[in-house]
Every structure is written in C-alpha cells, then in structure tokens.
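Working notes, structure below.
Please treat every number below as a calculation from the coordinates, not as lab data. Since we're looking at a predicted model, the values are computed, not measured. As a convention, Cβ positions derive from the backbone with ideal geometry for all residues, glycine included, and neighbour counts pool all protein chains shown.
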C-alpha cells in the first residue's frame, strides 16, 4: 500500500525521520463526523495547508491512515484506503458499459478518479472538469501516486464549473462520473445533485447506452437517510435503471454510497464482470471484483427498505445536506 | 429504536430532563480503537459504573448511539445498533440448522443473544453460560429490552466458565454460540478461540448436524488480520464447512466479523432463508434477511484473498490479540 | 478538602461505588478556555444537569477537581479549589472595612460567597440577590458545604435582578460584592460592569467608608486584557482608591482577578490583616492571610504596566467580553 | 512578542501561509498534565520532530502559545511565555549576588537561560553543560531568539553530564543554575535533585557568597507537593538561606516554582533589586522587577504552611516524581 501516495521530495521525507514515541500520541487530527461524534487520528506531521478561493485544503500525514487530504475540515481521501472509494466510483460503470471511450468527470481534482479510469484500455479521452484550479495544482504536486495520470495524454483537464462546462458542450460521453464534494450547505456542489440537473444537463450529454454514476454520501445503516436515499430516489425519477451500492471505508468511519444510473439495463454476472476486468483493466484491482460488486450492490434489509420508501426528490428548493454547517438536518433527528 | 434499551425507573429519566445545549458537547466518552485512532461520543450521562471480579463495567447514555454498555474500556453494545451484531450472531446458524432446539451460549451475559435466540419458535432450551455474575445482574437490571428474555422459562442461566461447563456436560446442542469478549491479552477469553478448544470441547458437544458460530472480532479491510482471519483459519482446521461473514456496525467504527462452522454443508438460497425466517422467527428482523446474508457472507476481494492465504492457527501458545493490551495492563499499574 | 462539597444522599454515593480503572479515562469534561485552547477533566460521573430560563447548569464529579458546577458550558466552581476564589472575593474587603455589618451580594447563587461572609462575626445581615431561582435551588440542594449558610438567619435571599434590587432600595451597605457571571456577550451580566452602573447604582448604596469588590475575570499575563484591566480602569473613574489583585486557580487554568474599590483608603499591614482575621473570622482560612494578600495584590511588572496604560472604560456601548459566544473579540487579536 | 522565537528560513514561513479557518481547529497538541487532566493547543503545524539518544524532541507551532518545544511529550518552553520562566530562573540569583562573573548552567540546552544570563554586564563566562548534544543543536538551529546567545564568545558550551562535569572541575562559580528536566522517573535528571548531590557536588563548586538556584517543578496550590516542597526542604538541609518562589506560566497550566539557596543572606529591597536591574541588565525585563519578586517570593498561606511542614528529603533512594511515569514507560512497550 505504501505506493499509493508517495511524497514528492526529500525535504518531506527528511523531515519526518522516525517520529519518536512519546510524541506519537501528542498531535491529533480531529474531525466532527456529526455534532456528537468525533473521529481522531494521531498525526505524524502537517505536510501542507492552504486556502483557495473555494475551499481550505490540507495534506496531513496521519498514523492510522497515512497521508490524508482534508478539504474544508472534512477528510476527502486517505492514502491507505482511497482505493476502495475510487475503485467503487469508477469500475462498475466502466465495466457495465460495453465499450467506454469517452468519460467525463465532474470534479475529481484529486486525480485518483482519472487514474482509475485511465487503467481501462478502451478509454480514449477523459475530461476532468474541476472548478478549483488550486486544489488540482495542489494534488498534482503532492499526490505522487496520481502523477502518471496527470501526465497521461488522454487526460483533458478543464478548470470550470461542471454544470457550465456540460451545458456548453454538444458532444456525448459514454460515462459521466460525479466525483463532487458532498452537498454541504454553502458548499459549491449541492446544485449538482438535483433532478433538473440530472435531467436537463447530464442525461442529454450521455451517448446511447451511456451510464451516469455519482458518489452519494454516507450510506450506513443510519446515515444513508442524510443524502444517499435522496440521491437514489432523485436518479430514479430520471433514469430507467438505477443501482445503489455501498462499501465501508475505514478512514470515513462509515459505509459510503454510490449510485449508478442508465436507460440501458445493468445485466452482467459476477463472472462476466471478472472477465471484462481481466480484458480491459491494466493492473490488479485491490478491492473490487465481480463477487465484491454482488455484495456491495446488495444492500441490507434496513437500507433497502428505507430506499424503497424514500419519497424526497432533490430540487434546488428542497436540498438535503450532510453534517457540515451547524448540522442542519441532524438537529431534527435528535 | 427507542424501545431497544429503556431505563428502568423514573430516577434515571427524571435526572436527564432535557440536557441543555451548551452542556451537550462538554462531556465525552472516548475510546482508543487503536493506539492511534480515537472514537468519541458526546455524553448525556453516566448511568452506572462498577467493577466485578472479572471486569470493569459502565452503562453510558451517549448522544450518537443511545445507551452504551462498556466493559473494560471497550464498547460492547450500543442501543441503536446492537441489533446488527445480535441478528448476525444468532440468526444465520439457527436458520441454516434444520430444527434447532437446544442452544448453548458461551458468554452472552448482556442477554441480547438469548433474546434473539428465544425469538425462534423451534427453540426449547437456551443455556447461557457467563463467568461474570455481576455483569449478568447489571444487564438484567438495566437493559430493559432484554428483561423478557431473562424471564423466559426456556432460558437456563449458568454462572460458570464456558469451557468448564461444556467439559462437564454429556448432552449435545444443536447450535453453540460464542458470544465472548474479544481475545484481549490478559482478558478471560482468549483460550476459548483455540483449535484445541474447538476440537476437543466444542465439537464433541454438537449434536448431529450441529452448528458452531462465534463472533470473530473486527473484519474491516485492514482490521480483519487482527483476529478474524485467524479464527476463520482455525475453525477451518476443525470443521468441514466454514462461513465467514461481516457487517459494518457504526458504533464500533468498523466492520465486524462472525464465523459459522459445521460438518454439514450450508446450502440455502436467500429465498429459503427468508421462508425459514417467516416460519420460525417471531417479530421482524431489522437488519438481516436472505439477501442481506448473501451480501454479508460475500467478502470483498481483499479480505477473501487474505483469508485464503491465512496460515496462522490459534493455539494457546500462538494467540493473536486485538488492540487493548495497554488498558488491560494499566489496571495492574494503577 | 473532602468536606467542601458533599453529595446529599445515598443514591448518589451508592451509584459511584469505586469507579473502575479502565473506565477512568474514558469519560471527559472538555472546556474551550479559548477558541484554540482546551482544558479536559476525567469524569467520575455527571451528577445533575438542567436548564433554567436563564442558564444551563450541570454538576459534574470530576477526577482532578472534585465536584464541579458548570453554567452555560463554563466551569464556575470546583470543589477542591473554590476556596481560593471565595476567600479572595470576600475577605479582603470585609477585613479592610472597620466594621462590616450589612453586606449585599450581586449574584452569588452558589452560596459560597455568603458562606464566607457569614464567617465574619461583625456581619449582621447578608443580602444575596440572584436572578436565577433555579440555580439557587440547585445549589442549595446539591452543594452540601453551603447548606449551613443557606440556613443562616442572617441571610436574606432575594430573587431579582441585582440592578433593579439596588435601585429599589434606600438603605446603605458596608460592603457590596459583585459575584456575577463573566461579562459574556448575550449573557445576563455585562451591564453590571459599566461605569454608569458603578456610579449611579452601586456607589449611592454604599454607606460611609463602604467598599465595593467584584470578581474581575481572568487576570493572567495575557488574559488580563480581556476584561480585568477594563474593569479596573472603569472602577478608577468612579472611586478614589482601587486595588486590583489576582490569584492562580488551578481548575480555571488561569490566574483570576478581583478589584476592590472605595472612597476611603486601604491601609493595613499584613500583620493588621492577620490580627483582624483572628478577631473577626470564625474558622481558619485556607488560602488567604496578610502575607498572601500582599503577594496577590502586588501584580507582576507586565500586568501593572498594562493596567496603568489601560484607557478603555466600560459603558453599555463599549463592553468587552471574555471568550464565550463564538469568541468575538479573540478573533481580532489573532 | 513576535520576535521571541523566529523560524529560521523561508521554507517554514512559506509553508504555513495563512492557515485556513476550517482547518484551524482540526489539529491539536494534547498533553496529559496529570493522568486525569489534559491541556490541548490547536496547532498550526508540526515544524520538526526527532529523537536523540536521550530524549524525543519536537518543535510545534501552536495557535495559543506560538512555537513550542516539547521534550519527551512534555512542553518545555513556549514562545509567548518562556520569558516568565527564564527571567525567574536567572535574574533573582544574579541580582542578589554582588558581582556575578562566572555562571554554570546544569542543562539549559535550549539556550534561553544562557540568553538571560548574558544580558548581565557583570558576567564574564557562562558554562552551559547539557548532556544532549542533539537537543542543543536542534535549539541552536531552530530557536532564532537564542541565536545571539549561542554565538556569544562568553558562552562555553559543554556536552557532558552536569554531575560528571562539576566533579571534574576545581574552579568555583558565582552562580550555579539548575535548568534540568523535571525529575521524571526513568528520566536522566532525578539524581541531580538529591541532598548528596547538592552537598557534595554543587556546594563545593560555589565561590564565596555563591548562589545556587534551580527550577523546582510545579508549585501550584496542590501541585507543589509533587516535588517543589521536597526540593525546598532538601536544599534547606544544605544551605543556610533558602528562598522558594513561584509564578503562573499560562502554557504550563500551572504555577511554576524555583528555589534559590546560599550560605549568604538574601537581603535586598524591591527598590535595590530595581536599581541593580537598571545597572547590570541590558534591555528591559518583561516580567520581573523588584515588586514582582516581592510578590512571587511571598507564597500563599497554604503553600507556606505545606513547605514549613515538609519533612521529605531527596536522596537517591527516596526520590519523588512528577506525573509522567506512564509515558516514559510507554517507550519500552512500543
């Protein structure tokens, strides 16, 4: 796992020579997962911090999860388990698609989503459209594991609002991937989770047989009601076939969700997924294979029931948010 | 969910009348999941604390997870999600068994395991054998949700070491359930996870077609190597058929594991499990049904691979432990 | 010290029988002293919590400081060191006064200030005027150490706003004591620290030779600029003689300040203070004697310099606040 | 204050450009002051960490106290208030001495003690004897405020055990200063606080009229019994005149103590101390002047009483330790 994120220079490595023991437990990163719940990692060091016009960013070196990218005080990606998130986000849709050539990423500035897409030998062009140039530059500089992806000639990096970019284009994509920040109130992304956005902006840009997939927030036995069930239900209004799935990501202290949607059916067995994986994907997946996808796309009774009964549809006037700004909707549950 | 644990009296409820806001985030329960990882819950109150000859116990009222039972500084059970653990521990083995009448619980003093077993209408006798009478009394008094189970005439409560008890008996059980504390170094339970214990003590006490199931510690993508893969591999040395499965439990901040083992094959479809659930189990499961079991018993590629390659077998001389040494050790120093 | 606060019943004591070790460090009280500074006490138990129309209150049993009264998320008083605060608040002014008979306490609902005053054998009447009846009742019930004071026939307990009460009275007092909550923005007390209040309300109610003393917030080498220097400078505008003094109170994690003011000079030696202490005060002081007062009323060079140069005067339009509500003024200092 | 510690290069400053808001409260330094008491500072960054053969060291950039030197998990010195400690340690003894020319520092590798001594124009030679060359090098590199002191030709830096060094020398010193780490069990220093060390090693090396002064651990109303009262009582066995004094140091969350000892009497008024300060010390003290010394050397009733009644004398067989055993011990376990 050590090769996932590697720091890009001797200064950094030089500085952290064998952090001593007594010191180990003195410095901590602390995240409020919810108002009443904290998750704390011992720190080796604070590698970099900065503020962009859009977001605050930090790269930390944590003891339990390796290097960790934190945006606006929320953990985005940790060295030792980001592969779970990114394999789940990327591979199911690309494998279900018969021949994905052109892929559009909304967000994804970290580079890991592009990295996973570029492992597919069918892919000819990846459009990565992130609004925050500084985050992209920050990640390009510090996340060595994604260096190759950033240099791949098939990658077309666009600095723009994903909505504006998709509106301005006539072309179609085989797969569109939503790798956006969570719909935090006041954050830049919540309008990219609405029914009208999916219907009027995303769907028209999908080619015949095209697939849309989005990260869909926490999907735990309780937390799935925050946004996951709504995103699922919203996509169900727009696409014929919708597949929700989820996986536990240790550094998030929760099960995470994704939703995949299309007007073409998703019908491959685990074996067929494994075969396509072998034919199309360079290198080995660490988390996902056919059986794993069977498991992660079979939700537990409680979550299935809750998704079946979800009636809320995201519109610009009725957005729901995950915990972030004063925990708007959590309060109601208490 | 409010009915899972209910406090047993007005004094307690009276005392917590509407905890005020400023105060809310001032009091915290903090658990070191690992040396470098902390998990913290805001507290409403500390309901009860005590020490038995074997263990330290506390019942806390936490904001994110409701009432929580803590033994030796480790969360055992939280009101809002203990049903995941106990449904997973109990129902698969009892459903796979054609007609479970006599069930033996090693440990289980909390009473929740017995509660779930007693929902099965085939069950005639439940033997619950816990070494710590005071924990049993504590739970009987405070965990109102298990009150009925403690009073069920089919329950035979035994205060004894589970090993000694099993050795002293000639009779056979349809299902034996290991609901023991984690194998913490210095804790009372690690000898009940060894090959010789399974071979010489447990297996001889299983009736024809009998099934053994045990909780098997953390089973996350990284944490499964602590004890889960070993328990699995150890049981594989002793039984013909072994089924590992796992589920994310929010209050544990991890995916948890169980292993089910038998010399008879486990061969039921999801639909058959659902049918038996309907026929045999009173009330509704909240977490587990046939599809859920399909999902939780299909481990991810990474964990499957790791279990396949595990070579360690638990013997008394080669036990592995989960994190917790420091605290066990602390007791002696204080 | 164990006799300072004693819980009033067996239920409480019964419940906390020998809190176990492993558990000891799991539950914590955490206070944000400033936005970037936290102070955390291990908890034995949460004895009582409640909300009044004015304030949130809690009584905690902490490991390092014994029972602790917390109002609006800020520690007010801890069993093992409240004597420092209350001896410093009460005894200097009563000793400097030639013959204090009638004493008025603004606030003081905890009862400890009255307790210390009632130790003076010259005192004939203590008027304790607190706005929050429920806090008074709470303290009367739970702070056994103050039980006797609450029953003393010389105590006249008034539930009212201290300003309104003083305005409505014609009589004069030998000593008026400000034992009010800190001037937190949005809190009930900041108007009772202004020049006009001192000039128009307090001073007219002092008898000939009368003394006013008030708690005056943090007085540490940095923290004294929050409110201490202002309160000092404000009182200097109103009274001829003003004596600031300060003492370190461990449970506050800071040095605390008081300011004593009069139009009569303060001129007693340490020996004379000791003599009056002997003649007038029943029982032994634990913290304060003549030498101690010499020490605590001699501020360090840095603080003296800062007080000499303070120009700010509290008026209703120019109040300064200590950290509390979003740390208004701390932000400006960063 | 900003000029006390300045980082030595653009890399460091460059890296911390305006740490963003959300990030501010995510990273914390946490110290266990006692087993049941924690003190936590928000972090800007972890500037440097390292391990020497003797100790673990770290330089942190903290929000509330600026840059902070941490040794073996205990805060040694913080940018914004180290002047209190070092002015108190150095100036009283040098001012009381009629003409201090030769000063020997036991420990003091940080350089701040030498810096304060070198401000005295009577001083011809400062011997700074620290056992840990790497800590000295670390501080010389990173604590810019002490750069000048490290380059002063009057400074003679010796890397050696202070005891061995003093034993090996025949010469005498006007002032010997103990700036050693606290007597933590297992730490390198506890033997340098014993009666035999003071009697057989220190005293013989003092010139006629010479003064010994040592930092003496926490001296708060409760914490003074840990080591302060013992160090005082031990020195009383060896010297005719012994002066204990103490001052609150915010970053330590406690009042700190020093003890000054000599066979010549200490008899100067506050005014005489101010005069000598003016005559001999370059630059302005920030904390200490004559009045301040009067205050800090007049202990409170409780502490005076406790010191008067202390009977314990430090010998190698009867050392007392301040809190910290747990962490020293931890090193061996990791």
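Among B:231, D:158, D:105, D:33, the ranking by other beta carbons within 10 Å of each residue's beta carbon, starting with the fewest, stands as D:158, D:33, D:105, B:231. Within the protein assembly as shown, DSSP assigns beta bridges of which about 70% are antiparallel (rounded to the nearest 5).
In the protein assembly as shown, helical runs assigned H by DSSP with n ≥ 4 each contribute -39500 (n - 2.57); averaged across all residues and rounded to the nearest 500, the mean residue ellipticity at 222 nm is -7500 deg cm²/dmol. In plain terms, if you count all Cα to Cα distances in the protein assembly as shown and split them into 20 Å steps from zero, the share in each step is 10, 33, 34, 19, 4 percent. Extension gain for residue D:148-residue D:196 works out to 13.7 nm (0.36 nm per residue, less the C-alpha to C-alpha distance). Stokes-Einstein diffusion for segment D:182-231, with the hydrodynamic radius set to the Kirkwood value over Cα pairs and evaluated at 10 °C in a medium of 1.306 mPa s, equals 131 µm²/s. Shielding by partners for peptide A:62-73, expressed as the average number of C-beta atoms from other protein chains within 10 Å of each residue's C-beta, is 3.
Please give the residues of segment C:196-225, grouped as numeric ranges, whose backbone N is less than 17 Å from a label point set 7 Å along the Cα-to-Cβ vector of residue C:315. Answer for this model: C:196-201. Dividing the C-alpha radius of gyration of segment A:70-214 by 2.2 N^0.38 Å, with N its residue count, gives 0.98. Counting neighbouring beta carbons within 10 Å and listing from fewest to most, the residues C:86, D:172 come out as D:172, C:86.
Take the Kirkwood radius over Cα pairs of segment A:133-291, plug it into Stokes-Einstein at 37 °C and 0.692 mPa s, and you get 187 µm²/s for translational diffusion. With Cα atoms as the point set, the radius of gyration and Dmax of segment C:100-180 evaluate to 11.7, 34 Å. In terms of surrounding Cβ atoms within a 10 Å radius of their Cβ, B:305, B:248, D:48 rank from fewest to most as B:305, D:48, B:248.
In a Debye calculation with equal point scatterers on the alpha-carbon sites of segment B:219-327 and no solvent, what is log10 I(q)/I(0) at q = 0.17 Å⁻¹? For segment B:219-327 at q = 0.17 Å⁻¹, log10 I(q)/I(0) is -0.92. Across chain B, the relative contact order, built from alpha-carbon pairs under 8 Å that are at least six residues apart, equals 16 percent. Taking every residue in D:159-166 and counting other chain Cβ atoms within 10 Å of its Cβ, the average works out to 0. With the simple model of a label 7 Å out from the Cα in the direction of the Cβ, residue D:101 to residue D:137 spans 3.5 nm.
Computed on the Cα trace of chain B, the radius of gyration divided by the Kirkwood hydrodynamic radius gives Rg/Rh = 0.95.
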